[in-house]
There are 2 protein chains.
Amino acid sequence: MKEGPDIALIGSLIGDPARANMLTALMGGRALTPTELAGHAGITLQTASSHLSKLESGGLLTQRKQGRHRYYQLAEDEVGLMLENLMGFAASLGMNRHRPGPKDPALRKARVCYNHLAGDYGVRMLDSLITARQIEVTGDDLALTDAGQIRIEALGINYASLKKSRRPICRTCLDWSERRSHLAGSLGEALLTLLIDKGWAKRENNSRAIRFTDSGEKAFSELFPQ
Amino acid sequence: MKEGPDIALIGSLIGDPARANMLTALMGGRALTPTELAGHAGITLQTASSHLSKLESGGLLTQRKQGRHRYYQLAEDEVGLMLENLMGFAASLGMNRHRPGPKDPALRKARVCYNHLAGDYGVRMLDSLITARQIEVTGDDLALTDAGQIRIEALGINYASLKKSRRPICRTCLDWSERRSHLAGSLGEALLTLLIDKGWAKRENNSRAIRFTDSGEKAFSELFPQ
DNA sequence: TTCATACTTCGATGGTAGTCGAAGCATTGA
DNA sequence: TCAATGCTTCGACTACCATCGAAGTATGAA
């Protein structure tokens, strides 16, 4: 009894519907204000504020003040990975909160997973990078090969700056809709940023879904062939 | 808002300390009775019964009646993987319920993860199998090679019976103490059973820890060299 | 300074969920 | 048939927590 880490604390943090909705909203990757998060959760600002301070002291969120706004976001990559993982488990048990609606296919196709690309397109991207031997699988974790370094530099991503940070460049993240891994880590983030900066893909408002333009679809397929 | 699977439901199930303690106890791999689980959680039988029915209807547990006993266990492999994963996250946040006690090193060295071997030894076993090319890493999932089939048959594990079940033979499970994967799936279970049947290792009572005998240590090191 | 916006803190309320005692049901053994 | 064990169900209590109104604090704009 009382062995190992305390999962009850995390469970209780996630267990409240209002908090779960806020965390889900923050999986969209944008930093959000208490007012916005209150809207997502369907509660008043006061209640949201109370929840947010709990999530923050629990280590799941961080905030930064900017003028008279406070922006909350997921504290670390690990938080996003854990949430995506939990969603995968919930989905495997058939715990869906809604009848699969019109948004659902869009989410399964491509969505933001905190700061990187997920869904069918996310999985395809990682698969393609592995097939092209630009990313190497060694045991658990992923590593960028020499060919991969050259490749991402050619795409305009600065490898040196990726390497500077303490975050892993490549890591796997279990996709809840595909039940396979997609690419997370600082490279995953950089690639999503690239897709958006190039105008190939756009974030939907108030949703984790990502919409590709026609030319974006084409460019993506060329960059990451099946 | 209200996108994706319902993580709040699972969170609330895990979020209660009594339930979390029961789930942790069941990670020991043995099927336990309500009376035993009540003891682990430090509550009365009535309360435990109420919790257990919630966990069962939530899909986390199954029960089977045997005479006048009811044996509860984790419903599926996925439940164990999810819990181990959550523990890993909790540990990474430093959420430990106790000062690392004398039991802690034993747990980190070798423990039961629901039905397979975890901890340092679990990770080493998988590493060794991969190095020997008896297990192959393809993208996300693991696969037994031809050499691996021959190997496990030689150990006395019937490959055909493993294959019959719908469960995956090999799968990864993220180890919370090592932060790397060990081997789960039906083969992971069979290998743990083997270690115990051969008398090389023993389950501690009321703990997830596994204690190796001296000869067991030696045999393990020979079977799975670094 | 004054007002407005954004957010937090305080305080009160209400609901819910965990808890246990007591009673009821089922199985086993004598 | 009777008693004992294992467990569930019922009912009541309690404590906690989410919730929101009201008041307080901080930042920015006018």
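Give me the pairs, please: first residue somewhere in the range B:170-189 and closer than 19 Å to B:Ile157 by Cβ, second residue anywhere and surrounded by fewer than 24 Cβ atoms within 10 Å (Cβ to Cβ) and of a type in the set (Lys, Arg), beta-carbon distance under 7 Å, and either six or more positions apart or on two chains. Once the first residue is closer than 19 Å to B:Ile157 by Cβ and sits in the range B:170-189, its partners that are surrounded by fewer than 24 Cβ atoms within 10 Å (Cβ to Cβ) and of a type in the set (Lys, Arg) give B:Ala184/B:Arg171; B:Gly185/B:Arg167; B:Gly185/B:Arg171; B:Ser186/B:Arg167.
Looking at A:Ala91, is it outside any loop (DSSP other than H, G, I, E, B), modelled with pLDDT of 95 or more and either farther than 30 Å from B:Asn205 by Cβ or within 16 Å of DNA strand D (Cβ to nearest atom) (or both)? Judged against the criteria, A:Ala91 is not a match. Looking across the range B:1-23, the residues that are touching a Lys or Arg at 6+ places or on another chain (Cβ under 9 Å) and at pLDDT below 95 come down to B:Lys2, B:Glu3, B:Gly4, B:Pro5, B:Asp6. Restricting B:Ala38, B:Ala48 to residues that are in a helix (DSSP H, G or I), buried (at least 19 other Cβ atoms within 10 Å of the Cβ) and free of Cβ contacts under 8 Å to residues at least 12 places away in the same chain narrows the list to B:Ala38.
Is it the case that the range A:28-35 has a residue that's touching a residue at least 12 places away in the same chain (Cβ under 8 Å) and at the interface with chain B (Cβ under 7 Å from one of its Cβ atoms)? No: zero hits. The residues in the range B:21-69 that are among the polar types (S, T, N, Q), touching a helix residue (DSSP H, G or I) at 6+ places or on another chain (Cβ under 8 Å) and under 18 Å from A:Phe89 (Cβ atoms) can be counted, and the count is 2. If you take the residues in the range A:108-120 that are over 17 Å from B:Asp140 (Cα atoms) and outside any strand (DSSP E or B), which one is nearest to the other protein chains (Cβ to nearest Cβ)? Out of the qualifying residues, it is A:Arg108.
Where residues in the range B:35-55 are more than 10 Å from DNA strand C (Cβ to nearest atom) and in contact with a His (Cβ under 9 Å, 6 or more places away or on another chain), which of them is farthest from B:Met82 (Cα to Cα)?
This residue is B:Thr35.
Of all the residues in the range A:17-29, those that are touching a Phe, Trp or Tyr at 6+ places or on another chain (Cβ under 9 Å), more than 13 Å from DNA strand D (Cβ to nearest atom) and within 15 Å of A:Gln63 (Cβ to Cβ) number 1.
Is there a residue being more than 15 Å from the chain's Cα centre (by Cα), within 16 Å of DNA strand D (Cβ to nearest atom) and among the basic types (Lys, Arg) anywhere in the range B:52-62? Within the range B:52-62, one or more residues are more than 15 Å from the chain's Cα centre (by Cα), within 16 Å of DNA strand D (Cβ to nearest atom) and among the basic types (Lys, Arg).
Do we find that B:Ala20 is within 10 Å of chain A (Cβ to nearest Cβ), under 23 Å from B:Ile210 (Cα atoms) and out of contact with any His (no Cβ under 9 Å at 6 or more places or on another chain) in this structure? Considered against the rule, which asks whether it is within 10 Å of chain A (Cβ to nearest Cβ), under 23 Å from B:Ile210 (Cα atoms) and out of contact with any His (no Cβ under 9 Å at 6 or more places or on another chain), B:Ala20 comes out as yes.
Out of curiosity, is B:Gly58 surrounded by 15 or more Cβ atoms within 10 Å (Cβ to Cβ), under 23 Å from A:Met87 (Cβ atoms) and either within 13 Å of DNA strand C (Cβ to nearest atom) or more than 10 Å from every other protein chain (Cβ to nearest Cβ) (or both)? Show your work before the answer.
On the way: surrounded by 15 or more Cβ atoms within 10 Å (Cβ to Cβ): yes; under 23 Å from A:Met87 (Cβ atoms): yes; either within 13 Å of DNA strand C (Cβ to nearest atom) or more than 10 Å from every other protein chain (Cβ to nearest Cβ) (or both): yes.
Taking the combined requirement at face value, the residue satisfies it.
B:Ser215 falls short on exactly one of the conditions (1) hydroxyl-bearing (Ser, Thr, Tyr); (2) exposed (fewer than 14 other Cβ atoms within 10 Å of the Cβ); (3) in contact with a strand residue (DSSP E or B) (Cβ under 9 Å, 6 or more places away or on another chain), and that condition is (3).
The values are calculated or read from the model by the stated rules, or taken from the named source; none is laboratory data. Everything quoted here is computed from the prediction, not taken from an experiment. Neighbour counts are summed over all protein chains in view; Cβ atoms, including those assigned to glycine, are modelled from backbone coordinates with ideal geometry.
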